[in-house]
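I have placed the structure first, in the form of structure tokens, so that the comments after it can refer back to it.
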Amino acid sequence: MNTWAINLAGMAVMALIVWWFWLSRSKAQHFSGAGPIEIIVDNGVYTPARIEVPAGQPVTLRFVRKDPSPCAEKALFDSLEVSADLPVGKPVDVTVTPPVPGEYEFTCQMRMYRGTLVAR
Amino acid sequence: MSVSPPENTTRLSISGMTCAGCVSTVENALKNVPGVTESAVNFAEHTATVRGSVDAKVLVAAITASGYSAAELRGAEDESEKEAAELSYYRSLLRKFIVAAVVGFPLMLAEPFGLMPMLDTDSGRVFWLVIGAVTLGVLVYAGGHFFRGAWKSFRAHNANMDTLIALGTGAAWVYSMLVVLFPDMVPSLARHAYFEAAAVIIALINLGQALEMRARGKTSEAIKRLIGLQPKTARVVRDGKETDIPISEVGLDETIRVRPGEKIPVDGVIIEGHSSVDESMLTGEPMPVEKKTGDDVTGGTFNKSGSFLFQAKRIGADTALARIIEMVRRAQSTKPAIGRLADRISAVFVPVVLIIAVLTFLAWFNFGPEPKLSYMLVATMTVLIIACPCALGLATPISIMVGVGKAAEYGILIRNGEALQQAGKLTTIVLDKTGTVTEGRPAVTTLVPAAGWDETKLLTVAASIEAGSEHPLAEAIVSAAQARQIKSSSASDFQAITGHGVSATVEGKKVYFGNARLMAQHNVELGNLVTRAEELAARAQTPMFLAVDGFVAGIVAVADPIKPDSKSAIARLHAIGLKVVMITGDNRATAEAVAREVGIDEVMAEVLPGDKADKVTALQQRGEIVGMVGDGINDAPALAQADVGFAIGTGTDIAIESADVALMRGSLHGVADAIAISLATVRNIKQNLFGAFVYNVLGIPVAAGALFPFTGLLLNPVIAGAAMAMSSVTVVSNANRLRWFKSGATRT
């Protein structure tokens with residue numbers, strides 16, 4: 001009984017990992033279009049990390065890096081061929097235009113910081 | 001979440017302010033810019049600090065409109081701030097390492113010698129309780145950032161290195177505390193505390209990050225060196241007086257004095273004096289260049305001999321040096337295809353490791369020997385600790401950063417990581433002849449007058465017709481006429497016939513001047529001059545026929561000297577394994593003579609400028625991966641069509657903006673260097689990726705206990721922690737080896 005319970009619990013934890021990290025997503029923050037949208041770069045995450053923006057229109061993201069570790073020093077939009085250096089404590093505006101509806105990932109150089117622009 | 005944009009602070013340098021009244025004019029100009037909330041002008045420093053959500057360019061435009069000059073204060077200042085922030089973070093990591101090490105290492109060393117009290121006595125439990133509290137302090141102080149990061153990224157449905165460290169060390173501490181507080185819950189064989197492991201792992205990972213940071217600092221040395229080229233002050237001439245001012249205050253069109261031994265502060269044009277200027281730091285060209293009135297000078301280069309005055313034409317972010325720095329920075333952030341697999345893996349890496357950790361836990365629970373609980377904990381913790389997504393994520397970008405920077409030191413600007421990777425895959429290199437293999441400065445070498453003509457008459461008509469042309473060959477003819485003090489006549493109805501020559505009316509006579517095809521088109525009989533032309537072409541001279549009123553008047557032969565290092569550079573391209581093709585609009589015999597001289601494999605001669613791209617396409621259709629080397633403007637379509645376009649020219653050229661690879665010096669060795677750097681960088685990336693993959697692919701099963709059934713050994717989590725810390729250090733250190741790259745390397 002004990003053995004079954006622990007094995008089942010283990011499998012449940014694995015299912016939870018799959019669901020939480022791959023299948024479920026945090027709610028996208030809608031971009032109103034009124035001024036830049038601020039993204040805090042700290043503690044391994046972009047906040048907010050999922051941002052809904054209109055497709056085909058330029059969007060300005062204002063990165064505010066608080067994490068001094070070198071991991072956070074760049075923001076890369078691979079599919080949009082845009083990158084920016086993020087000095088600590090100095091807001092940096094990055095303007096991108098997602099060409100068509102879809103999801104556009106932005107990451108740090110090591111892909112530990114991860115965010116998504118959801119273009120609609 | 002509400003969006004509340006913070007106010008940007010922009011610092012500007014302002015030129016032209018001479019009185020306190022100017023201060024209020026500038027301040028008002030800034031305040032009237034929509035989005036500016038506050039502005040303060042410092043008259044003593046000639047700077048303005050502006051707060052608000054406005055682009056610096058808008059602010060500069062507003063100041064310019066009010067009658068002053070301004071530039072954004074950036075560059076070296078940003079770099080020193082960045083260095084200060086990095087140093088402070090490096091020190092904080094070292095402090096955290098020391099605190100965790102002071103607690104963890106003595107505990108770890110004391111245990112094998114039996115110096116620690118047993119857990120099954122009351123005094124022992126109190127001792128371990130105190131140790132637990134102390135290590136909790138260590139985890140909070142030295143490892144708090146890992147726990148905060150893990151929690152935040154968990155909430156964002158993300159998992160990163162922090163997740164693994166926090167879970168590994170957190171599990172060790174919680175388990176140990178459980179053993180101390182409720183020993184009866186744990187089987188007697190499994191009653192062991194792992195407080196020291198948690199502390200030592202935190203210590204080692206902080207140390208690893210500090211070492212990685214140190215090594216990383218070296219990877220951006222190329223950028224630092226470029227920034228270091230920029231002088232801090234300029235000696236401007238204002239109201240007849242020479243004054244040293246900070247470079248950020250130099251305005252457009254200001255007159256600047258440069259003395260021998262000084263660096264040229266910004267880009268401009270010499271208006272008085274002459275000198276020789278060492279441009280090697282920017283272009284890699286070793287020989288100093290003679291500069292006189294009217295010549296361009298580039299900021300960051302070194303004035304060797306004379307003193308001169310020049311007018312500033314590009315300042316701040318517009319200078320060639322600033323554009324080069326920006327381009328190198330941008331390129332350093334890009335990745336080639338080779339890194340995409342690693343990217344895809346690192347995106348799913350941590351959740352996969354978490355699943356492996358759970359599987360490890362279950363495997364030891366189901367099949368492990370007693371004390372199962374200890375084995376389960378140790379193996380699971382070791383899996384979490386040894387897996388390092390950083391090494392994988394760093395493998396590509398760190399090598400690109402060093403490779404692109406190294407190329408910049410050689411005067412090679414690489415647009416992006418893709419171009420860097422592609423350059424190493426080339427099988428054929430196509431060289432434009434004029435200005436690439438040859439100097440691009442032709443001179444008249446032979447005059448062959450036809451019957452009834454003499455050399456002076458021939459050159460007079462030729463110079464008259466070419467006076468209206470901007471072609472390099474025309475310049476050679478006009479110069480030759482000037483050298484002989486020949487006065488040319490005026491020409492009318494001038495027409496350039498692309499790929500053939502020119503036509504015009506000189507002294508009422510219809511004149512054609514160009515190649516044999518042009519003569520054939522107009523039914524001009526060439527007679528025995530054809531043989532003479534062939535002889536000249538075989539000696540690498542370009543013969544041009546002159547026809548007046550339908551009759552040939554003679555040949556003017558022009559030769560473009562081969563660059564002294566073309567032959568050795570082409571030998572290097574051959575050594576790398578490339579086929580070298582030359583493409584030219586010149587006649588076949590001349591082109592083949594040049595090709596023989598320098599050792600080119602294939603010649604595409606008499607190609608019209610518009611057809612060069614088609615020739616590149618034809619080569620690609622034959623399965624070749626083609627690199628095209630041209631001057632970046634005339635050859636633009638062919639450069640764009642090639643798999644990698646190499647623009648050969650100067651740092652101030654538009655080519656910087658347009659090519660995949662821009663070579664700031666004229667030598668073909670730059671192409672060989674670029675390819676060698678590309679090969680070395682790709683090799684370095686592969687080593688990094690191999691190391692990171694092998695490390696994780698081998699490390700994780702060993703940590704999970706794959707060797708245990710055969711050897712009875714289980715990896716110590718502390719060793720796993722040390723290995724994790726060292727993995728990123730190893731990748732960064734390997735990338736740093738690229739800094740010692742020397743040109744001359746060949747494909748392996």
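In this rough spin-label picture, where each label sits 7 Å from Cα along the Cβ direction, the B:Asp122-B:His471 distance is 10.8 nm. The calculated pair-distance distribution of the range B:561-609 uses every alpha carbon pair, bins of 5 angstrom beginning at 0, and gives 5, 22, 29, 24, 15, 5, 0 percent. Here's the picture: charge each Lys and Arg Cβ at +1 and each Asp and Glu Cβ at -1 in the range B:71-220, and of B:Pro106, B:Ser123, B:Pro187 the one pushed furthest to the positive end of that dipole is B:Pro187.
Angle of helix B:669-704 to the longest C-alpha principal axis of chain B, folded into 0 to 90 degrees and rounded to 10: 10°. For the range B:239-384, the relative contact order works out to 22 percent when only alpha carbon pairs closer than 8 Å and six or more residues apart are counted. When both the range B:344-417 and the range B:116-158 are represented by their alpha-carbon centers, they are found 24 Å apart. Sort the range B:94-146 into rounded, prolate or oblate with this rule: let a ≥ b ≥ c be the square roots of the eigenvalues of the Cα gyration tensor; rounded if a/c is under 1.5, and if a/c is not under 1.5, prolate when a/b is larger than b/c, oblate otherwise. In terms of gyration-tensor shape, oblate.
Only Lys, Arg, Asp and Glu carry charge here, each on its Cβ (+1 for the first two, -1 for the last two); on that basis chain B has a dipole of about 1760 debye about its Cα centre. One compactness figure for the range B:531-667 is 1.15, namely its Cα radius of gyration divided by 2.2 N^0.38 Å. For the range A:1-101, evaluate the Debye formula with one uniform point scatterer on each Cα (no solvent term) and list log10 I(q)/I(0) at q = 0.18, 0.22 Å⁻¹, rounded to two decimals. With no solvent term, the Cα-only Debye profile gives -0.91, -1.19. Entry note, chain B: the mean residue ellipticity at 222 nm calculated from DSSP H runs of n ≥ 4, each adding -39500 (n - 2.57), is -16500 deg cm²/dmol after division by the residues and rounding to the nearest 500. Residues of the range B:608-640 falling in the label zone of B:Lys425, defined by backbone nitrogen less than 18 Å from a point 7 Å along Cα to beta-carbon, are B:617-628, B:640. Helix B:76-110 and the longest principal axis of the C-alpha atoms of chain B enclose an angle of approximately 30°.
What is the diffusion coefficient of the protein assembly as shown in µm²/s, taking the Kirkwood radius over Cα pairs and the Stokes-Einstein relation at 25 °C with a viscosity of 0.890 mPa s? Diffusion coefficient, whole number: 78 µm²/s. Computed over the range B:352-433, the convex hull of the alpha-carbon atoms projects to a mean area of 9.0 nm².
Counted residue by residue at 0.36 nm each, then reduced by the alpha carbon distance between them, the extension gain from B:Thr255 to B:Phe113 reaches 43.4 nm. Dimensions of the range B:86-232 based on its C-alpha atoms, expressed as ranges along the principal axes with the largest first, amount to 71, 39, 20 Å.
Placing unit charges on the Cβ atoms only, positive for Lys and Arg and negative for Asp and Glu, gives the range B:408-493 a dipole magnitude near 100 debye about its Cα centre.
Each of B:Ala48, B:Ala480, B:Phe708 was placed along the dipole of the protein assembly as shown (beta-carbon charges, centred on the mean Cα), and the one lying farthest toward the positive end is B:Phe708. For the pair B:Lys304 and B:Asn716, label points projected 7 Å from Cα toward Cβ lie 6.1 nm apart. The rule of thumb for compact globular proteins, 2.2 N^0.38 Å, goes into the C-alpha radius of gyration of the range B:609-732 1.74 times. Radius of gyration over Kirkwood radius for chain B, both on Cα atoms: the Rg/Rh ratio is 1.12. Placing a label point 7 Å from the Cα of A:Ala12 along the Cα-to-Cβ direction, the residues of the range B:352-383 with a backbone N closer than 20 Å are B:354-366. The mean count of C-beta atoms from other chains within 10 Å of the C-beta of residues in A:15-22, rounded to a whole number, is 5. Principal axis extents of the C-alpha atoms in the range B:264-423 (largest first, rounded to whole Å): 89, 27, 26. Length gained on full extension, B:Asp454 to B:Lys372: 18.9 nm, using 0.36 nm per residue less the C-alpha separation.
Assuming R0 = 25 Å, can you tell me the calculated FRET efficiency for the pair B:Ile271 and B:Ala61, based on Cβ-Cβ distance, to the nearest 0.05? Given R0 = 25 Å and the Cβ-Cβ separation, E is 0.40. Taking 0.36 nm per residue of separation and subtracting the Cα-Cα distance, full extension of the segment from B:Arg484 to B:Glu262 would add 75.9 nm.
Each of B:Ser305, B:Val289, B:Leu354 was placed along the dipole of the range B:249-355 (beta-carbon charges, centred on the mean Cα), and the one lying farthest toward the positive end is B:Leu354. Within a straight-line Cα-Cα reach of under 20 Å, B:Lys241 can be paired with the following aspartates and glutamates, leaving aside sequence neighbours fewer than 8 residues apart in one chain: B:Glu45, B:Glu249, B:Asp253, B:Glu254, B:Glu262, B:Glu272. Taken along the Cα-to-beta-carbon direction at a fixed 7 Å, the label points for A:Glu81 and B:Glu83 span 3.4 nm.
Computed from the C-beta positions of B:Ala618 and B:Lys742, the FRET efficiency with R₀ = 25 Å rounds to 0.10.
For the range B:276-338, the alpha carbon convex hull comes to 103 Å³ per residue, rounded to a whole number. For B:Ala133 and B:Ala40, the FRET efficiency from 1/(1 + (r/R0)^6), where r spans their Cβ atoms and R0 equals 41 Å, is about 0.20. The mean number of Cβ atoms from other chains found within 10 Å of a Cβ in peptide B:336-349 is 2, as a whole number.
Counting only residues at least eight positions apart within a chain, or on another chain, the lysines with an alpha carbon under 17 Å from that of A:Lys66 are A:Lys74, A:Lys90, B:Lys82, B:Lys152. Considered as an equivalent ellipsoid built on the Cα gyration tensor, the range B:670-716 has semi-axes of 40, 6, 6 Å, the largest given first. If the Kirkwood radius is taken over C-alpha pairs of the range B:415-527, then at 10 °C and 1.306 mPa s the Stokes-Einstein diffusion coefficient equals 97 µm²/s.
Annotation note: trypsin sites (Lys or Arg not before Pro) in the range B:200-273 located in DSSP loop regions with a Cβ neighbour count of at most 15 within 10 Å are B:Lys232.
Going by alpha carbons, how many degrees (0 to 90, nearest 10) lie between the helix axis of B:320-332 and the longest principal axis of chain B? Relative to chain B, helix B:320-332 is tipped by roughly 50 degrees.
Laboratory data are not the source of any read-out in this text; all were calculated from the coordinates shown. Source: prediction; values computed, not measured. Note that we place each Cβ from the backbone using ideal geometry, even for glycine, and neighbour counts take in every protein chain shown.
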